[in-house]
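Asks: Before I ask anything, let me first share the structure, which is written out below as structure tokens.
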Amino acid sequence: MKKILLSLLMLSLFLMPLVLAEIDFDTELSEDEQDQVDAILEPVMKIYATVKYTATVIGVMMLVFAGVLFTTAGGDNSQKEKAKQMAAGVVIGLIIIWVAPLVVEFVFS
């Protein structure tokens, strides 16, 4: 399985320059083309916003659960570590979800 994934990754890395060679990033979009892009992006951004806020609510609930798990662990170090790992995973996931549009904007500008 690892060989297949590695092969696909290498193939995509070798094909990426060919794909990007066909794109001219310096041309400005006409008003009609920009309207089409905006029409496509509008529902995508609505879906992204819904997913982002839903994930944030779920993440906050999981952080509360991790806090309760940590405080009720007592002397059980494995429960404390589990709670710490859960909290760290939630925080990292939320950071990725909230920073993703900024990274995309930075890459394409």
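The values are calculated or read from the model by the stated rules, or taken from the named source; none is laboratory data. What you see is a predicted model; the values in this text were computed from it and never measured. Every residue, glycine as well, gets a Cβ built from its backbone with ideal geometry; the counts of neighbours run over all protein chains shown.
The rows are residues; the columns are (1) surrounded by fewer than 12 Cβ atoms within 10 Å (Cβ to Cβ); (2) at pLDDT 95 or above; (3) in contact with a His (Cβ under 8 Å, 6 or more places away or on another chain); (4) not small (Gly, Ala, Ser).
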| residue | (1), (2), (3), (4) |
| --- | --- |
| Ile23 | yes, no, no, yes |
| Thr27 | yes, no, no, yes |
| Tyr48 | no, no, no, yes |
| Gly59 | no, yes, no, no |
| Ala73 | no, no, no, no |
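Asks: Looking for something closer than 30 Å to Glu28 by Cα, surrounded by 15 or more Cβ atoms within 10 Å (Cβ to Cβ) and not small (Gly, Ala, Ser) - is there at least one such residue anywhere in region 95-109?
Replies: For region 95-109, residues closer than 30 Å to Glu28 by Cα, surrounded by 15 or more Cβ atoms within 10 Å (Cβ to Cβ) and not small (Gly, Ala, Ser): present.
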